[in-house]
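Engineer: I have a structure here, written as structure tokens, and I will follow up with some questions on it.
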Amino acid sequence: MRLFQRMDGRVLTGILVALSLGISLCVPVRKVQAAASRVSLLCVETVWCDVARQIGGEHLETQVLLTAPGLDPHHFQPSPSLWRSVGQVDGFLVNGATYDDWALSFNQGKTDFLNAAVIGHWRTGEDPHLFFDPAIVKAVAVKLADWLGEKAPQDRNFYQNNLARFENSLNELDKKLILFRQRYQGLPIAITEPAGERLLSRTGLELIDKHWALSVMNQTGVSARETASLEQSVEKRQIHALIVNPLVKSTQINRLLDLAAQKQIPLVMIQESLPSGLKWQDWMSQILDQLFSALDQKR
Ligand SMILES: [Zn+2]
């Protein structure tokens, strides 16, 4: 039995049904048609295509590969039919950083690759959830505006104006992060998987179990000593919130959740994919708001 169950029951049941019906597993590609589309972009994750749409507006047509909730890019295996469902696209935006490296096998002669890990100077071993990092998201937005300007020079101003608007919205997020640091600097919290860590690291809060969470993500097995010390922090109510990735489950995580409930430590859910109906900056802002109220609860 695998220690870490990374799919929820619903997704697993769906897959089992598909297998029993002899249907090959392939994820439907969501295609968004834009009225005056000139440039087309494929993304692995919805969140990156959201950023791209904010820059490309109606002049960009986007397709997302992984749209079903509960699909885990870390351990996804594409079927040949998935690639066949993708038409000719001008660009392919991937997260990279081992998060969705299976996507790098996509090979379509004329398609430009945009890799957030390369753009954001990610280094081996670092947290791969790059879309939680406002600085990397900003760098990708700048790159997108440049790339779009090369593909459609007549619309260069349009893209640059959208980029300026996007950068302004980052300033709003920055203001919230400054407030956070003023209020909660150094307050200890814990996390079950690194999703969200890059945003949290800007709040000034102290993440006490970074290494433990990284071991959970990499499925390398968590150390008993680290687990015990983490449990003790919950037991003694030393942490002010427990950040939970609902996609990742294990016996150790379940025990932590039980302990947190007993000790009335507030939980904050951070999922790995953009919640539907939200823009990237709204998602980040919502996470911070939830964290604000959780920390107030504990005090
Ligand atoms: Zn993850």
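Values in this text are rule-based calculations from the coordinates and carry no lab data. In this text the structure is predicted, and so the values were computed from the model without any measurement. Here Cβ is always computed from backbone atoms with ideal geometry, including for glycine, and neighbour counts include all displayed protein chains.
Engineer: With N set to the number of residues, divide the alpha-carbon radius of gyration of region 175-298 by 2.2 N^0.38 Å and report two decimals.
Structural biologist: With N residues counted in region 175-298, Rg over 2.2 N^0.38 Å equals 1.01.
Engineer: Once both axes come from the Cα atoms, what is the angle between helix 156-184 and the longest principal axis of the chain, in degrees from 0 to 90, rounded to 10?
Structural biologist: Rounded to the nearest ten degrees, it is 10.
Engineer: What spacing in nm lies between the two simple spin-label points modelled at L179 and A261, each 7 Å away from Cα in the Cβ direction?
Structural biologist: 3.2
Engineer: Using a Gaussian network model of the chain whose springs link C-alpha atoms within less than 10 Å, name the residue from G96, G221, G70 with the highest mean-square fluctuation.
Structural biologist: Highest fluctuation of the listed residues: G221.
Engineer: A follow-up question, please. Of the options G87, A228, L66, report the single residue whose Cα projects farthest towards the positive end of the charge dipole of the chain (beta-carbon charges: Lys, Arg +1; Asp, Glu -1).
Structural biologist: So the residue furthest toward the plus end is A228.
Engineer: Another one. Take the chain, connect every pair of alpha-carbon atoms lying under 10 Å apart with a spring to form a Gaussian network, then pick out the residue of R202, R183, R225 with the largest mean-square fluctuation.
Structural biologist: Result: R225 has the largest fluctuation of those listed.
Engineer: Looking only at L259, L267, L41, which one moves most when the chain is put into a Gaussian network model with springs between Cα atoms under 10 Å?
Structural biologist: L259
Engineer: Got the relative contact order for region 175-298 handy, in percent, Cα pairs under 8 Å and 6 or more residues apart?
Structural biologist: Relative contact order here is 25 percent.
Engineer: Using a simple spin-label model with points 7 Å from Cα along the Cα→Cβ vector, what separation in nm is obtained for Q108 and E172?
Structural biologist: Label at Q108, label at E172, 3.3 nm between them.
Engineer: If the limit is 29 Å between Cα atoms, which of K143/K175; K175/K279; K143/K176; K236/K279 go over it?
Structural biologist: Result: K236/K279 exceed 29 Å.
Engineer: Rounded to the nearest 500 deg cm²/dmol, what is the calculated helix-only ellipticity per residue at 222 nm for the chain, with -39500 (n - 2.57) per DSSP H run of length n ≥ 4?
Structural biologist: When only DSSP H runs of four or more count, the value is -14000 deg cm²/dmol.
Engineer: Multiply the residue gap between T124 and D296 by 0.36 nm, knock off their C-alpha separation, and tell me the result in nm, one decimal place.
Structural biologist: Using 0.36 nm per residue and subtracting the Cα-Cα distance, I get 58.3 nm.
Engineer: Sticking with this one: Considering only DSSP states other than H, G, I, E and B, which trypsin sites (Lys or Arg not before Pro) in region 109-166 qualify as loop sites with at most 14 other Cβ atoms within 10 Å?
Structural biologist: K110, R123
Engineer: If you consider only alpha-carbon coordinates, what radius of gyration and Dmax does the chain have, in Å?
Structural biologist: Gyration radius and largest Cα-Cα distance of the chain: 20.1, 62 Å.
Engineer: On a 0 to 90 degree scale, rounded to 10, what angle separates helix 46-56 from the longest Cα axis of the chain?
Structural biologist: 50
Engineer: Would you mind calculating the gained length between H211 and A164 on full extension (0.36 nm times residue separation, minus the Cα-Cα distance), in nm to one decimal?
Structural biologist: Going from the current span to full extension adds 13.2 nm.
Engineer: Rounded to the nearest 0.05, what FRET efficiency is calculated for S81 and E58 with R0 set to 30 Å and r the Cβ-Cβ distance?
Structural biologist: After rounding to 0.05, the efficiency reads 0.50.
Engineer: Which value, in debye to the nearest 20, describes the size of the charge dipole of the chain about its Cα centre when Lys and Arg Cβ atoms bear +1, Asp and Glu Cβ atoms bear -1, and nothing else is charged?
Structural biologist: Dipole about the Cα centre, nearest 20: 340 debye.
Engineer: With angles folded into 0 to 90 degrees, how steeply does helix 9-20 sit against the dominant principal axis of the chain? Use alpha carbons for both and round to 10.
Structural biologist: The two axes meet at around 50 degrees.
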